[in-house]
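Student: Got a structure for you, questions after.
The values are calculated or read from the model by the stated rules, or taken from the named source; none is laboratory data. Please read these numbers as outputs of a predicted model, since none were measured by experiment. In this analysis, Cβ positions are derived from the backbone assuming ideal geometry, glycine residues included, and neighbour counts consider all displayed protein chains. Surface areas here come from the heavy atoms of the whole protein model, side chains and all, with no ligands, DNA or RNA. Shrake-Rupley method; radii C 1.70, N 1.55, O 1.52, S 1.80 Å.
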Amino acid sequence: MITNLWYVAEWSETVLDKPVKAKVLGQNLVLFRDLEGKVKCLADVCLHRGGSLSGGWVNKKRDCVVCPYHGWEYNGKGKCEKIPSEGDDFKVPPRFKVDAYPVEEKYGMIWVFMGDLEEEKRYPIPPLPEYDNPEWRGLKTEFTWKAEASRVVENGIDIAHASFVHPVFGYPSTAEDNYIDQVEKHEWWARSTNVMFPPQLKGGFLGWRNFIRKDKQETRVHPEWHLPGMIVRIKIDLREGWHIVMFDANTPVDEHTTRTFAWQFRTFFKQKMFDKGSMKRLKTILDEDATIVEDSNPYYLPETLANEVSVKSDKFMSTFRMARRKLIEEKGWQIDMDERDKHKGKKVLTIASPVRREAEQEGQGWVFEKMPTVAPIKGEGAKNEFEKDVEQLTTDSANSKDSFVV
Ligand code: FES
Ligand SMILES: [Fe+2]
């Protein structure tokens with residue numbers, strides 16, 4: 001689980017006038033909407049005796065969430081503003097603060113930044129130009145996996161499994177014909193263009209879906225991954241002017257659970273009557289994937305290639321692995337779960353937020369200890385490990401039709 005990224009914590013429509021509990025990167029959060037309609041996000045734990053703030057309420061002025069245990073009030077920056085037992089004259093010490101995470105509302109989703117980086121250093125929330133565009137009909141749904149988010153992302157951008165896992169996308173017999181045509185790689189996202197030969201579509205009233213796609217018709221599919229939000233975005237070009245876009249935010253609720261907040265858009269059959277079938281097909285695909293992903297081993301995505309092999313059809317997936325690995329090995333943003341678990345049930349640890357960093361810079365101190373992260377690998381050692389893996393990939397895919405490394 002990686003800190004210092006934006007993640008989707010909840011749908012916007014869920015957070016109205018009451019505090020809402022969410023969980024991201026194994027940490028409980030409280031979301032509440034203030035008087036101006038802005039969503040605030042704090043660590044869901046009270047400094048006093050550990051009450052869960054999400055079990056409380058929003059105060060009358062609508063600028064604080066109130067702890068249900070003894071009524072302490074916390075503003076949107078995590079600062080305790082009021083301690084009822086001490087009366088109105090009590091000056092709350094500046095140290096009485098909990099972590100508060102930056103929030104953005106986009107695409108009907110509440111995005112929270114789970115880290116303490118300055119604003120200008122944060123990777124941006126991925127674009128979704130189809131949202132609010134009348135050319136596209138959008139539908140949303142969600143899905144929970146008993147799997148770690150990186151495994152879910154890798155599955156989403158993998159083309160080779162389609163021939164085996166999804167009858168609607170491919171035949172085992174065309175596995176060799178599918179190929180990756182282009183890869184465009186950036187620091188925090190990448191896109192590929194795949195050519196596939198899927199079966200004819202079936203179903204619909206009087207079999208109307210048969211007309212959308214002929215059997216084994218050459219189809220271009222463009223998967224993307226984005227580290228912020230652990231997004232998988234897939235655009236499918238069915239035919240001229242007929243497109244589908246899937247945008248899945250794969251939130252690591254904890255290391256065993258991934259909650260996917262999914263949008264699906266289409267440019268054709270935009271009437272409501274076609275929504276039900278569309279959702280049903282999406283659910284089938286997610287179920288097919290979950291059966292495979294939830295049973296894969298090791299449970300966590302391997303960080304090196306020491307115990308696995310890859311071939312050319314994995315090359316787009318490997319761009320995700322390499323980029324993710326840089327966040328772990330170079331930036332040191334991975335939560336140290338072994339260290340964290342030593343304190344389980346005994347001590348509150350919260351992911352560092354910008355308000356904590358600012359308070360520490362001013363020498364104020366902080367009550368809750370920081371969630372531990374795995375130290376980055378420094379110097380030549382890191383580079384050698386990385387290059388060893390790239391070399392291994394190149395050797396293993398030497399007989400493939402095109403080169404592995406992008
Ligand atoms: S535990 Fe929250 S006010 Fe006491
Ligand atoms: Fe799949």
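Student: Exactly one of these conditions fails for Trp72: (1) within 16 Å of ligand 1 (Cβ to nearest atom); (2) within 19 Å of Ala22 (Cβ to Cβ); (3) among the hydrophobic types (A, V, I, L, M, F, W, C). Give me its number.
Tutor: Exception for Trp72: condition (2).
Student: Regarding Lys331, is this residue within 22 Å of the chain's Cα centre (by Cα), modelled with pLDDT under 95 and surrounded by 12 or more Cβ atoms within 10 Å (Cβ to Cβ)?
Tutor: yes
Student: Can you tell me which residues in the range 165-188 are in contact (Cβ under 8 Å) with a residue 12 or more places away in the chain, outside any helix (DSSP H, G or I) and under 18 Å from Asp314 (Cβ atoms)?
Tutor: Across the range 165-188, the qualifying residues are His166, Phe169, Gly170, Ala175, Asp177, Asn178, Tyr179, Ile180, Asp181, Val183, Lys185.
Student: Kindly indicate the residue of the range 32-56 that is over 20 Å from Val367 (Cβ atoms) and open to solvent by 50 Å² or more (accessible area, probe 1.4 Å) and also farthest from ligand 2 (Cβ to nearest atom) among those meeting that condition. Spell out how you get there, then give the answer.
Tutor: First pass over the range 32-56, keeping only residues over 20 Å from Val367 (Cβ atoms): 32-39.
Now drop any that are not open to solvent by 50 Å² or more (accessible area, probe 1.4 Å), which leaves 35-36, 38.
On the way: Leu35: 44, Glu36: 41, Lys38: 37 Å.
Looking at residues that are over 20 Å from Val367 (Cβ atoms) and open to solvent by 50 Å² or more (accessible area, probe 1.4 Å), I get Leu35.
Student: Kindly evaluate Glu142 against the criterion of being open to solvent by 60 Å² or more (accessible area, probe 1.4 Å) and either touching a Lys or Arg at 6+ places or on another chain (Cβ under 9 Å) or aromatic (Phe, Trp, Tyr) (or both).
Tutor: When the stated conditions are applied, Glu142 passes them.
Student: If we only count strands (runs of 3 or more DSSP E) wholly inside the range 230-282, which ones have 2 or more residues that are open to solvent by less than 10 Å² (accessible area, probe 1.4 Å), at pLDDT 95 or above and not β-branched (Val, Ile, Thr)?
Tutor: Values: elements: 231-239, 242-254, 257-266.
The strands (runs of 3 or more DSSP E) meeting that bar are 242-254, 257-266.
Student: Given the residues Glu176, Glu184, Glu135, Glu119, which is the only one that is open to solvent by 80 Å² or more (accessible area, probe 1.4 Å), closer than 26 Å to Val293 by Cβ and away from ligand 1 (no atom under 16 Å from the Cβ)? I'd like the intermediate steps shown before the answer.
Tutor: Numbers: Glu184 fails: open to solvent by 80 Å² or more (accessible area, probe 1.4 Å); Glu135 fails: closer than 26 Å to Val293 by Cβ; Glu119 fails: closer than 26 Å to Val293 by Cβ.
Being open to solvent by 80 Å² or more (accessible area, probe 1.4 Å), closer than 26 Å to Val293 by Cβ and away from ligand 1 (no atom under 16 Å from the Cβ) holds for just one of Glu176, Glu184, Glu135, Glu119, which is Glu176.
Student: Next question. Test of understanding: among Lys18, Lys61, Lys23, which residue is in a strand (DSSP E or B) and open to solvent by 60 Å² or more (accessible area, probe 1.4 Å)?
Tutor: Lys23
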